[in-house]
Amino acid sequence: MVAGRLHQKELASRWSISEATLERWRPEGIGPKYLKLNGRVLYRKTDIETYEESSIVTPVCDHHYRTGNQTDSCSSARPD
């Protein structure tokens, strides 16, 4: 690891995905921003964390439960 940066192999390990997946995602615009220096790809930790934060999903039933707008489809998901 370079200070504050991860190599493709390290990010793949962090997310339990293959390096090939990261290689496929880059031209498709999927995943965090990256640096390409002298032919090497590096990911800054801040960009990885920003991407992870942007990928957080709140389940619909959780929203309904917290707001009191529970629907029939969420009734089984509500804790007792």
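Read-outs: derived from the displayed coordinates by stated rules, not from any lab. As the structure is a computational prediction, the values presented were derived from the model and not from experiment. Glycine gets a Cβ as well: all are built from the backbone with ideal geometry, and neighbour counts include every protein chain shown.
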Problem - Net charge over other residues, Cβ less than 13 angstrom from the Cβ of Ala12 (K, R count +1; D, E count -1) - result: +1
Handout entry: Cα-derived Rg over Rh, computed across segment 5-69 with Rh taken as Kirkwood radius
Key = 1.16
Exercise for the section: Grab the other residues whose beta carbon is less than 15 angstrom from that of Ile30, score K and R as +1, D and E as -1, and report the net. Expected result: -2
Problem - Lys/Arg +1, Asp/Glu -1 at C-beta; segment 5-69 dipole; positive extreme among Ile17, Tyr51, Asn38 - result: Asn38
